[in-house]
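To keep things clear, I will list the structure first and then write my remarks on it.
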Amino acid sequence: MCATRNQLTVPENFYRPAHGRTLNWYVRLVPPKALRGVAGVKEYRQSTGTADLRRAKTIGTRLIADKRAEWDKVLQTISAQATPQVLTEELIEHVCAQRAYHWLRLDDRGRFEGAGFDEQAERALLDLCEVTDRTMQAVVRRGPASPEWAEVLDLIDTWCVQLGYSVSRTDPRYPQLVRAYATAERQAVELVRRRFAGDGVATPAQPAAPSPLLSAMTEPYREHKARSTKHKQVSTSVSVWQKLVDFLGDVPLSSVTGQDLYRFYEARLNADEHPWSMKYAHGVARRVVREVFELALTLDMMSGTNPDTMMKALPRISSAEEATRRKPRFPFADDQLTALFASDWYRPDWAGPRGKMRGDLGARYWVPLVSLFHGNRVSEVTQLMTSDVEVLAGLPVLHLRTEYDEDGTSVLADIGVERSLKTPDTYRTVPVHPELLRLGFLEFAQARSKADGPSALLFPSSMPNRTSKQPKLGRSYQQAFLRHVQERMGLGKGFANHSFRHQLEDRIRDAQVMGQAWPVGLNMAYTGRKRQRDADKGQLIEPGSERLYGRGFSPKVQLPYIASLDFSRVKLPPPYAEWLKASGRAHDL
């Protein structure tokens, strides 16, 4: 019986200790950058007190929420924040209204909630009113020439921090804040004097908080995104939003305009360091920003309309400059593949790979070859289990899936990792390519199953470290292969594991000959692609809604087509058994 994905999913920030003295689940939370180095703030680790993952989710979620709330309070009380609070008309009005309210509320406590004011206390308070009135008058009248100027600015900054705002004296509206603060102080003083004169001056209601700021959406958006997105994509999305906060300052959500967003994208396109491409700015980044504002509107954290809809144009750069921003993704050429199979990577005695990859000859030999003939994403092959290679009705097939037998759940779930595929279209069962069978892939998989069971990872080096904060299947292979191709072979950027996928799709396109064309949609079913590449439009007919119905192409139907692909100009390594004999490790077969 296969476990469901929900049963196997370990939430972000949950883990089990590697020392093995307890089976209880723990939560781990890293403080925000703004709090790192602050006394008493450190990485949070806490046991949920239970080994039951379902109960642990409930308890751990509450622990995480409480800790984040605690850190939020600390953030509001420190003056050195990563992004100074941008002053707005609304914020200045709020800061000063709070100051006036503070004066009158303190007067209430002294006058009615205690013993009241005797003559000495009355005189002292009136003297304070006189000094305050004179000081604030001088500050407004004389500016920096006033003897009390520096002291008043310190008072203003301290008061803002007490309210949870760290303001900058270089803010264009800071002089306006000084004048408004001084006016509020003088008005409050006058009201207190009137009370001593016997007037029944009422204390106003406490001012309502100003509109939520951009930073108020960071954690709600992170939580919203984490429900349906992988950790890396969550981090990337939150990073985009943080860049907008850094650019505009922590202004109220409702104050952002389409012009603000235009300026932001324009600045990112022309940044001195790590400038964005138009594709990224107009695509990924814009989707993130639009999504955050939509969420803010849904949560009633802002009013009005999404500022993205106010942006009627997008900033642009030249086509030549755009080309330099794109990360190249090149297919392997036949001579490059031949060179790879003759390189140190295919020397069994080569001690170059670091860590786990040094001893996993199976991964070294088979992962590039499986990728060559199947055009899979590298994560699809490095997360394979021995049970994913199966013989059905006499035909060896390869299952690309996330499910696995219950016997294997403890191996991965215990360290908080699960198998994953990019999209539902990625799930597929395909025939093992005949060349892989000739090289001994089926025998290799059967030997691995016999040695470690049907739920063992096909390539042991794919298992993440138990202590990894972000465990990922196959990371050791991906990093080692990338270094070998780009650095040792000198192919440079643009060549990596994805180059196998691109070369296979090029072979499929080249195989479309009149009278021998592949059935509509077979290429996408074989490679696990949701949409057809631009390069294939006009060469391969894209399927319509019919691909959503039925079981799709069976492995038996696929086999003649994939077997006909031309790899004749690529010199392959010797079969696996012969290759191992040369290494003196034939027992690994």
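The values are calculated or read from the model by the stated rules, or taken from the named source; none is laboratory data. Worth saying up front: this structure is predicted, and the values here are computed from it rather than measured. Positions of Cβ are generated from backbone atoms using ideal geometry, with glycine treated the same way; all protein chains shown enter the neighbour counts. Just the protein is used for accessible areas: all its heavy atoms, side chains included, with ligands, DNA and RNA removed. Shrake-Rupley method; radii C 1.70, N 1.55, O 1.52, S 1.80 Å.
Can you tell me which residues in the range 479-517 are in contact with a strand residue (DSSP E or B) (Cβ under 9 Å, 6 or more places away or on another chain) and open to solvent by 20 Å² or more (accessible area, probe 1.4 Å)? Hits for the range 479-517 are ARG509, GLN512, ALA517.
Per-residue answers, yes or no, for (1) under 18 Å from ILE562 (Cα atoms); (2) open to solvent by 10 Å² or more (accessible area, probe 1.4 Å); (3) at pLDDT 85 or above; (4) part of a helix (DSSP H, G or I):
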residue: ASP407; (1), (2), (3), (4): no, yes, no, yes
residue: SER410; (1), (2), (3), (4): no, yes, no, yes
residue: GLY416; (1), (2), (3), (4): no, yes, no, no
residue: LEU421; (1), (2), (3), (4): no, yes, no, no
residue: GLU435; (1), (2), (3), (4): yes, yes, yes, yes
residue: ARG438; (1), (2), (3), (4): yes, yes, yes, yes
residue: GLU443; (1), (2), (3), (4): no, yes, yes, yes
residue: GLN446; (1), (2), (3), (4): no, yes, yes, yes
residue: SER461; (1), (2), (3), (4): no, no, yes, yes
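Cβ separations smaller than 7 Å between residues 6+ apart or across chains give the following pairs from the range 444-466 residues that are within 10 Å of GLY362 (Cα to Cα) and in contact (Cβ under 8 Å) with a residue 60 or more places away in the chain to residues that are in a helix (DSSP H, G or I) and open to solvent by 30 Å² or more (accessible area, probe 1.4 Å): LEU458/ARG448; SER461/LYS356; SER461/SER476. Any chance you could count how many residues in the range 133-164 are open to solvent by less than 80 Å² (accessible area, probe 1.4 Å), within 26 Å of ALA209 (Cα to Cα), out of contact with any strand residue (DSSP E or B) (no Cβ under 6 Å at 6 or more places or on another chain) and not acidic (Asp, Glu)? Counting residues in the range 133-164 that are open to solvent by less than 80 Å² (accessible area, probe 1.4 Å), within 26 Å of ALA209 (Cα to Cα), out of contact with any strand residue (DSSP E or B) (no Cβ under 6 Å at 6 or more places or on another chain) and not acidic (Asp, Glu) gives 9.
The single condition from (1) touching an Asp or Glu at 6+ places or on another chain (Cβ under 6 Å); (2) modelled with pLDDT under 95 that ARG290 fails is (2). Filtering the range 167-181 to residues that are of a type in the set (Val, Ile, Thr) and either over 39 Å from the mean Cα position of the chain (by Cα) or outside any loop (DSSP other than H, G, I, E, B) (or both) leaves VAL167, VAL178. Residue check: LYS225 meets all listed conditions (1) surrounded by 15 or more Cβ atoms within 10 Å (Cβ to Cβ); (2) under 14 Å from ALA100 (Cα atoms); (3) at pLDDT below 90 but one, namely (2). Per the conditions (1) modelled with pLDDT of 80 or more; (2) of a type outside the set (Val, Ile, Thr); (3) open to solvent by less than 70 Å² (accessible area, probe 1.4 Å), the sole criterion not satisfied by GLN81 is (1). Scan the range 352-381 for residues that are part of a helix (DSSP H, G or I) and either under 30 Å from PRO275 (Cα atoms) or among the hydrophobic types (A, V, I, L, M, F, W, C) (or both) and the total you get is 12. Would you check if ARG354 is under 29 Å from the mean Cα position of the chain (by Cα), exposed (fewer than 12 other Cβ atoms within 10 Å of the Cβ) and in contact (Cβ under 8 Å) with a residue 60 or more places away in the chain? Yes, satisfied. Selection of the range 57-73 for residues being at pLDDT below 85 and open to solvent by less than 40 Å² (accessible area, probe 1.4 Å) yields only TRP71. With LEU299, LEU269, LEU295 as the choices, which residue is of a type outside the set (Gly, Ala, Ser), crowded, with 19+ Cβ neighbours inside 10 Å, within 23 Å of VAL86 (Cβ to Cβ) and in contact (Cβ under 8 Å) with a residue 40 or more places away in the chain? Unique residue meeting the criteria: LEU269.
In the range 476-499, the qualifying residues are those that are assigned to a loop (DSSP other than H, G, I, E, B) and aliphatic (A, V, I, L, M), and the one that is farthest from THR324 (Cα to Cα) is MET489. For the range 165-193, the set of residues classified as at pLDDT below 90 and open to solvent by less than 20 Å² (accessible area, probe 1.4 Å) consists of SER166 only.
For first residues located in the range 195-211 and of a type in the set (A, V, I, L, M), partners that are open to solvent by 70 Å² or more (accessible area, probe 1.4 Å) and not in a loop (DSSP other than H, G, I, E, B) and lie 6+ apart or on another chain with Cβ distances below 7 Å form the pairs VAL201/ARG194. The set of residues in the range 148-168 being charged (D, E, K, R) and either under 19 Å from HIS94 (Cβ atoms) or in contact (Cβ under 8 Å) with a residue 40 or more places away in the chain (or both) consists of ASP157 alone. Scanning the range 302-351 for residues that are exposed (fewer than 15 other Cβ atoms within 10 Å of the Cβ), under 30 Å from the mean Cα position of the chain (by Cα) and not in a helix (DSSP H, G or I) gives SER303, GLY304, THR305, LYS312, ALA313, LEU314, ARG316, SER318, ARG326, LYS327, PRO328, ARG329. Within this structure, SER215 passes the test of being within 30 Å of GLU294 (Cα to Cα) and open to solvent by 50 Å² or more (accessible area, probe 1.4 Å).
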